[in-house]
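Here the structure comes first, spelled out in structure tokens, and everything after it is commentary.
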DNA sequence: GTGAAAGCGCTAACAG
DNA sequence: CTGTTAGCGCTTTCAC
């Protein structure tokens, strides 16, 4: 492939002129600029980013690392790409398949390739590579949930109030025996959601019954078992709050196996909208996260860190979730058939059919609060 | 970050010894090797891949570019990562959101960053960047479908027989009026599928009725409209063959709107298994592609090209699809509740509930046939 | 407004 | 078995 030197020779100029033409880093006479452009065209020249990175020590690349691929992360990715693209960064997408070892590999790979910053939805716990990143003040922004022991920027939905809102909704519908399927406690988000569940019960004067919460069920197959278990309690719960979208899949199957109708036999509220939610009947009441906004915010934060002070104390941005009330909680307005515009929808959260937003809109100006490392450690989201 | 020189100084050796220790490219005495390793540990040294890439002109990185993210591509990605990882390549995942311009951007980005090769599911038509890639004999392997005018390695399901198999199945079930929703003709795969549909009809002596095929509907919302249209024909089709997984979503909604029951009012066969297929009732009869195998094969091919002769004529590998007969075509065995193992399933194609495989197993040894550029152009898959 | 030249951190002859 | 050294292709001082 042609190099800047080839172009320079052909245009009869120095390599530095070629460089300046392509980067606009200093004035170049129109005559020379035209000659350079012509020569570069003829040669099919494309500046070698690898060499540039070596020289400038910045790759204009961001790593985006997620444990899994589903609608939630894809929507977040959209926000990431939009902000990154506008700021001249390319995005390297890495998918760890829920494997912390893979996560380490990808983080190392990104660091070795001199990605300028990393946006990460952690697969679980703290590990060496995270330690190294944090120690070297590598621009790193977490989203979705925090990692205990790690002080880093974070953008996430405030899970406690989100869960509270969901459970309060069920209580309002008259339910008093509400089962909860929770994700694995390695995720700080799971714990926060259980906490919101508890608070909603307490506020309604309903005693907390430990046997109605099954945790450690982040995967679909485990959540199926969790629901089978919950539904064997007597008296049987009349409502179910299920902690994430993967788990909704398993939960639905369990209910079908048991022959329980939603919402007549059990009311249902899930977490995270999923693309197939619209095809389920009844339509699902769900806590929806402002996915696109999460992506935008996280990217802005990582760029701030790259281009600003890398030693600034960690920030935490919390965004609000919305409760999309539909049929499965017995509270929805049953409307026209599901909307189909999802795949095109580039606005904040995915558009949803027959929805009635219960809580406030997702904050447009996310509340930002500073938090020192210690505080961050004590208040997982 | 520490460099090889820092390590060398600290260990009292030359940089070349450091390099050889890390690459195993020549013998190093145990004494020196230990000193190097110790020094590198103390300094937290990580070889700078950017510099290495500049020097060696190979990045050990592969680009994986897809138009969309869904279960199909994620499964393919698994195969890609496994083979690439085993061969020491990292994978850079790029998602073009169905936008050919984005595709160009990503291809350029990959080339500028010196990815060693690219695995691409094209978003549509030929464009400049593809031209440049092909002209410079850049290692490129297409999968899923070909691009007219572009001669490149290709691995794809043989779409014509796959569609034929699906439609023949419906005919066998007694249907004679079968509607088809086809993807956009910019995809060679769409055209091949329609061809298979026609052949199945012809073989059964059923006249081809143009009004029963609606094309250009690769997106969910368009396929909904397509189904509404098809179902307004009189007499109404008694069966439907729908050309890809995105379209199944829209089709299901249309049928629900019309209040038509599957398979009693309309029999249904879709293309591509999707993760939410198991939650639909009735369970869907689908043409399933050997996704994992497609990923493995494509990656092997691109690595062959990188490490072998870049000017070898283009090869085309075709893999066989399977027909998973379930309830929606009225032909299934209704079995136990849907399997939940999908997300863990790392074997060839995703495990499927209540399935009866109709055609032969996906070929274990993919048939490879050489094809010169001209022939490749004339025989899109 | 332009060019010469010194590296960025690594690898790989080449020389010992 | 080990060290010296010349680049890979670019950016960026420095000098004109």
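All of the numbers you see were taken from the coordinates with simple rules; none came from a lab. In this text, all values refer to a predicted model and were calculated from it rather than measured experimentally. No Cβ is skipped: glycine too gets one built from the backbone with ideal geometry, and neighbour counts run over all protein chains shown.
Rounded to whole Å, give me the distance from the Cα center of region B:62-86 to that of region A:300-327.
29 Å
How long is the gain from residue A:210 to residue A:312 if the chain were fully straight, where each residue apart is worth 0.36 nm and the alpha carbon distance is subtracted?
Difference between extended and current length: 32.6 nm.
Which FRET efficiency value, to the nearest 0.05, is calculated for residue B:260 and residue B:108 with the Förster distance at 60 angstrom and r the Cβ-Cβ distance?
Working: r = 47 Å, r/R0 = 0.78.
It comes to 0.80.
Just rank A:208, A:72, B:22, fewest to most, by other beta-carbon atoms within 10 angstrom.
Fewest-to-most Cβ neighbours within 10 Å comes out as A:208, B:22, A:72.
So for the pair residue B:58, residue A:137, with labels modelled 7 Å out along Cα→Cβ, what separation do we get in nm?
Using points 7 Å along Cα→Cβ, the separation is 3.8 nm.
Over region A:47-171, calculate the relative contact order: mean separation of alpha carbon pairs under 8 Å at least 6 apart, over the residue count, as a percent.
Numbers: 172 pairs, mean separation 28.6, N = 125.
Computed value for region A:47-171: 23 percent relative contact order.
Relative contact order, percent, of region A:105-264 when contacts are C-alpha pairs under 8 Å separated by at least 6 residues? Present the calculation step by step, with values, prior to reporting the outcome.
On the way: 247 pairs, mean separation 30.8, N = 160.
After rounding, I find 19 percent.
For region A:4-47, what does the relative contact order come out to in percent, with C-alpha contacts under 8 Å and a separation of six or more?
After rounding, I find 43 percent.
Specify whether the C-alpha gyration tensor of region B:87-175 places it in the rounded, prolate or oblate class, a ≥ b ≥ c being the square roots of the eigenvalues: rounded for a/c under 1.5, otherwise prolate if a/b is larger than b/c and oblate if not.
Cα axes put region B:87-175 in the prolate bin.
Please work out how much length the chain gains when fully extended from residue A:46 to residue A:172, using 0.36 nm per residue of separation minus the C-alpha to C-alpha distance, in nm with one decimal.
Working: separation 126, 0.36 × 126 = 45.36 nm, distance 6.24 nm.
Result for the pair: 39.1 nm of gain on full extension.
Calculate, in nm to one decimal, what residue A:203 and residue A:30 gain on full extension: separation in residues at 0.36 nm each, minus their alpha carbon distance.
Working: separation 173, 0.36 × 173 = 62.28 nm, distance 7.32 nm.
Net length gain for the segment: 55.0 nm.
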